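Throughout, read-outs are computed from the coordinates displayed, never taken from laboratory work. Everything numeric in this text was worked out from a predicted model, so none of it was measured. Note that each Cβ is placed from the backbone with ideal geometry, even for glycine, and that neighbours are counted across all protein chains shown.
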Amino acid sequence: MNNTTRTGSHIHQSWNDTSVPYPLTKTLSQLFEEQVEKSPEHIALIFNELRISYAELNRSANQLADFLILKGIGKESIVGVCLERSAEMIIALLAILKAGGAYLPIDPDYPDERCHFIVGDANLNLVITQQAFSKKFPSQEILVFYHRNDQAFSSLSGDNPKTVAAPDSAAYVIYTSGSTGTPKGAVNIHSGIINRLLWMQDCYHLTSQDRILQKTPYTFDVSVWEFFWPLICGAQLVIAEPGGHRDPDYLIAAINKYSITTIHFVPSMLRLFLDAYTLTDIPSLKRVICSGEALPYALQERFFDRLRCQLFNLYGPTEASVDVTWWECRRNDPRKIVPIGKPVANTQIYIVDEQLELVPPGTPGELLIGGVQVARGYLNRQELTKTKFIPDMFTGKDGAQLYKTGDLCRYLDDGAIEYLGRIDDQIKVHGLRIEPAEIEAAILEFKAIRAVSVTAVHDTATDDTKIIAYIVTDLDSIPVNELRNHLLVKLPEYMTPALFVKIETIPLSNNGKVDKKALPPPPSTRPQLLQEYIRPSTETEHSVAKIWSTHLKIEPVGIDDNFFELGGNSILATLVADALEAFFHKSIQGTLLFQHPTIRKLSQHITTHEDESSKKIIETQSRILKQKNILRNKNWLNKSG
């Protein structure tokens, strides 16, 4: 690599000139405590009808922090958290940081085996949880059951504990899917996430009147800025109900009820949100932030057709402090694409070829991330860290690292970056990063399976992405129910394939690698299930079956077939619910398919339950129309006056 390439061209240097003198000498908990001093009585957190002031939130976090310190938690301690979305979750995260430790989120929906793995892999000595989730953990001795009203904690001091963490201390660890067949934890530090939050405040200028809806599962790193950005800026953090992030109608109601000004969506969920029947103009909403997967240009234009607020497209992997590039979306961009944008403050982005040589603008290459937001590495995985986190050869700073993302990108002429895809097999489904190797390893543990290849297939008609497992087996057919149940013991549900396809052999390329492009398209026939096929008999069952077949692209569908065993997921459940709602003229939410996952049960529900929600929709529409008429009259009076 010649010296010119090492230091980068002048144009690359110009695009990476992002230096901003942020005060990166503090910790996240210190920034929160400073805000508490500024606005102690201002409301910091809202959850349903609960309102907690900055002073109250700080006191509760301090009391739990004192308890953790007595338990031996300090600098570089990693503490697991397994809680539903609630006020207790926020208090626990703050308390861990105040004690000097780093938090590691564990989804309560994870299967027990995955929880066991994370506890062992991270060598956790303590997990804060609820009694309901205690069976997920192998040792009761490491569990702390926390509730903010528990007198065991309220008797402890409410004063700020002495800060023991440093800017380069671990702040949080988030586990991601692993290409080696097991998940891995990325360790991010205080200075990295603080840089990210201070840049965000510079860009968007939150005030005490702003409200951010926290809806992202905390095992997804977007949640980090949702939690802490409002709390270090004096704004209000509104916690969505558990499961609310999957329901567009709930989100619309929450935005209106709490006057939300800022919200995040992965693009696949944004599409459902924009298509929701109850969506009308939302006057409180100032900005929508997208990340997690590619934002299609058509979806951007659809957004501007429906909402009057700003839309931003951000990008960043878990191995950096959330987002490292940003872009303000522009309606009718003649390029017909949505870039991932330009580097945020104190961040450098390099696009290189296989020899790590910088490529000129317009040429595709792998995106490398440099700067303060790069993670420390993977927890207890030194060899893997060395392969993905390499010395920064462009700045030459001692100890500086570059993270090799595996993302294929290119610089555009104006310095914005376009995302083109992956250079490896990693896939994204609904914004969640998935390594096919981890799913393949779990499938190969099942009986009589000789080979497997997992990939993702995108359906342009529904704009939905499905995980497909192609399997070579000696069995006459794949026992889908048994295999799915086997995987749900080991993997989160979002990593479980939608379809299992039997093939004679896995196609290979000339170099002996799996040729995923040569895999056949998924079949449209009903998979082999344990339950007997029973055809629809009633008019309602026929109608529901037709809608299911259209969206699942499977025919025939039996009335006792499980929607999710046929390849359904939360996104498709919402689309099917919308179609059912339009056909039956009744309000039907996507969550209903989780409660009634067969045509028989769903049809019975549709025909036997009074549709009170339809009346509510009519009442809501009437109220909205009345409000618009009042607003229109006010505007007319103002103009005429």
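Ordered by the number of other Cβ atoms lying within 10 Å of each residue's own Cβ, fewest first, His458, His596 fall into the sequence His458, His596. Annotation note: trypsin sites (Lys or Arg not before Pro) in the range 428-523 located in DSSP loop regions with a Cβ neighbour count of at most 13 within 10 Å are Lys447, Lys513.
Using only alpha carbons, the range 539-613 has a radius of gyration to Kirkwood radius ratio (Rg to Rh) of 0.91.
A simple charge model with +1 on the Cβ of Lys and Arg, -1 on the Cβ of Asp and Glu and nothing else charged puts the dipole of the range 539-613 at about 160 debye relative to its Cα centre. Counting neighbouring beta carbons within 10 Å and listing from fewest to most, the residues Tyr403, Tyr315 come out as Tyr403, Tyr315.
Translational diffusion coefficient of the range 435-518 (Stokes-Einstein, Kirkwood radius from Cα pairs, 4 °C, 1.567 mPa s): 97 µm²/s. The phi torsions of the range 40-52, fed into the Karplus equation with coefficients 6.51, -1.76 and 1.60 and a -60° offset, translate into couplings of x, 8, 6, 5, 9, 9, 10, 9, 6, 8, 7, 10, 10 Hz, rounded to whole numbers, with Gly and Pro shown as x.
Residue order for His264, His486, fewest other beta carbons within 10 angstrom first, comes to His486, His264.
Rounded to the nearest 20 debye, the dipole size of the range 435-518 about its Cα centre is 180 debye, using +1 on the Cβ of Lys and Arg and -1 on the Cβ of Asp and Glu. So, counting K/R as plus one and D/E as minus one, what does the shell of residues with Cβ under 10 Å around Val374 add up to? Charge balance near Val374 sits at -1. Around the amide H of Thr473, modelled in the peptide plane, lie the amide H atoms of Arg450, Ile503, all under 5 Å away and 5 or more residues distant in sequence or on another chain. Restricting the calculation to Cα atoms, the range 229-274 shows an Rg/Rh of 0.98 when the hydrodynamic-style radius is the Kirkwood one. In the chain, taking the dipole from charged Cβ atoms about the Cα centre, the farthest positive-side position among Tyr533, Val489, Pro296 is held by Pro296. The loop-placed GluC sites (Glu not before Pro) in the range 316-355, going by DSSP, that have at most 14 neighbouring Cβ atoms within 10 Å of their Cβ come out as Glu354.
Shown here for the range 318-379: chymotrypsin sites (Phe, Trp or Tyr not before Pro) in loop regions (DSSP other than H, G, I, E, B) with at most 13 other Cβ atoms within 10 Å, of which there are none. Averaging 1/r across all pairs of distinct Cα atoms in the chain and inverting the result yields a Kirkwood radius of 26.3 Å.
In this structure, the amide hydrogen of Val429, modeled 1.01 Å from its nitrogen in the peptide plane, lies closer than 5 angstrom to those of Ile434, counting only residues at least 5 positions away or on a different chain.
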